[in-house]
Amino acid sequence: MTTTTTQAASDRRVAPTSTSSTATRVLGISSVVGLALLVIFGVFVSPPDAELGQTIRILYMHVPTVSVAYLAFLITAVGSAMYLWKRTEFWDLLAASAAEIGVVFFGLTILNGMLWGKITWGVFWRWEPRLTTTAVLLLTYLGYLAVRAIPADPRTRATRSAAIGLLAVVNIPIVHKAVDWWRGLHQERTIFGTTKPEIQGTQAFAAYLGLAVFLLLFAWLLIHRFRVAFLAERAAESGLGAAIAERRQEASESSATAVSHSEGDR
Amino acid sequence: MSTTGYIVVAWVGTFLAVGVYALWVLQRGRALSKQVAPEQRRWMKSTDTNAKDASQ
């Protein structure tokens, strides 16, 4: 009985039936608890800002999402460079997984920014330097994902996308410095900026909590997405293997039929 | 729409989008796990694409 239970437990460890593991469960539960705390502090406890008023609550979403998106794109660049050096599947899949999550979070950054802009500027969108470079950055990474979707053998696809992953990251400092280089509507840099954000107390707590929670969420998503990409590769390989075996069987059957026909003619 | 409305859209929209994406990833992982042989469902196993090409 004990041996059977131990064997069953061992089999479950060897062949997971989903992309979950102990680490992802801990990360997932921590993220959910953190998000609940963020709602409490960001929506209900944090007071309105003296200058920004209630709109500071949108920034509790805007700043963490853009931070996670930048981090994801940096991981894509590192993964791309490492792929070109080591040529291993791990780095290619890591780069691709991070890029997809980065696009999701960057899209949310733009959505939150547009909502904040509508309240503050009276319009959802202006073709000013920061917003324009942001749109270009999003399009670049959408292009990266589109290139990955083009049917090709894994090595060609990985090499193509690694090149784009390395080129695309150059856009990030341009987006980041756009508020310094050109005059526009967007406020000055908050992340790694020259001006220290004047928030403290519950506002600062909500802002940093948001950052920590979204980083946890990103780690959880990245592990799952990487495992999904890994499984997709294995599924594609087994599908290809089955198709080749089927074609070989068809070919051998047709050659056997041809031989029997020729012998019949004699 | 009032300021409160925009704030609600920002929070609900963010949570909803991340939630839907997370569910999609989990669901796809479960579906793919069924298609892949048990011995291949190992995480962090790296395949050298050069070695694979050379062996083919």
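Suppose the chain between A:Thr17 and A:Ala251 were pulled fully straight at 0.36 nm per residue; how much longer would it get relative to their current alpha carbon spacing?
On the way: separation 234, 0.36 × 234 = 84.24 nm, distance 3.59 nm.
Result for the pair: 80.6 nm of gain on full extension.
Peptide A:108-119 has a mean shielding of 4, counted as Cβ atoms of other protein chains within 10 Å of each residue's Cβ.
Legend: mean number of C-beta atoms from other chains within 10 angstrom of residue C-beta atoms, peptide A:98-106, equals 2. In this label model, A:Val136 and B:Leu23 are separated by 3.8 nm, measuring between points 7 Å along each Cα→Cβ vector. Can you tell me the FRET efficiency between A:Ala258 and B:Phe15 if r is taken as the Cβ-Cβ distance and R0 is 56 Å, rounded to the nearest 0.05? That gives a FRET efficiency of 0.30. Inter-chain neighbour count for A:221-229: the average number of beta-carbon atoms from partner chains within 10 Å of each residue's beta-carbon is 5.
A protection proxy built from the mean count of other Cβ atoms within 10 Å ranks the segments A:244-251, A:118-125, most packed first, as A:118-125, A:244-251.
We did not get these values from a lab; they are worked out from the coordinates using the rules stated. Everything numeric in this text was worked out from a predicted model, so none of it was measured. Cβ: placed from backbone, ideal geometry, glycine included. Neighbour counts: every protein chain shown.
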